[in-house]
1. I'm checking my understanding of the structure. Among residues of region 47-81 that are over 18 Å from GLN105 (Cβ atoms) and of a type in the set (Val, Ile, Thr), which one is surrounded by the fewest Cβ atoms within 10 Å (Cβ to Cβ)?
2. Of a type in the set (Ser, Thr, Tyr), at pLDDT 95 or above and at negative phi: does that describe SER66?
3. Looking only at residues in region 1-60 that are among the basic types (Lys, Arg) and not in a strand (DSSP E or B), which one is modelled with the highest pLDDT?
4. Inside region 54-92, can you point out the residues that are free of Cβ contacts under 8 Å to residues at least 40 places away in the same chain and among the basic types (Lys, Arg)?
Amino acid sequence: MTTQSPSVQFNITTAATASVFKGYRFEFSDRDVNIEVQASSWSGKESVRINGELVSDKRALTDVTSEHLITRKHHSYRVVLRITNILTGNVECKLYRDDLLIGAQRKAVIEKPYTSLPSVVKITAAAAWTLACALWVTSILPL
């Protein structure tokens with residue numbers, strides 16, 4: 001015996017964006033509810049807005065996965081952010097309504113690693129920064 005899940009009408013209003021400096025931005029639309037999720041790649045600050053109103057925010061600096069639980073118009077929404085690849089900065093955002101997955105988007109800071117000049121520049125800058133921090137921590141570089 002098979003059971004069928006109810007049909008879900010879901011629209012993604014805008015494609016996800018990701019930037020080293022501006023962070024991640026995901027947008028979803030569920031009927032007349034517009035959900036916007038933002039996450040900083042520097043500070044770990046995450047915020048969820050429904051119809052422009054801030055409904056949840058927190059910092060997730062050490063976790064690979066974080067959740068935001070929101071109740072709106074007799075529905076419970078759950079937003080799950082998960083880092084799927086730390087090297088490319090790939091983040092997945094899933095939206096659940098009443099425990100039913102109604103949308104998912106992925107976005108990476110580096111979409112095609114090692115193949116474009118901006119990617120090479122980002123990787124080189126990150127490697128240089130990491131090396132400088134490692135040398136400073138081990139006191140080889142002066143302050």
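1. THR62
2. Criteria not met by SER66.
3. Per the criteria, the residue is LYS22.
4. LYS58, ARG59, ARG72, ARG78, ARG82
The values are calculated or read from the model by the stated rules, or taken from the named source; none is laboratory data. All figures in this text were calculated on a predicted structure; none of them were measured in a lab. Here Cβ is always computed from backbone atoms with ideal geometry, including for glycine, and neighbour counts include all displayed protein chains.
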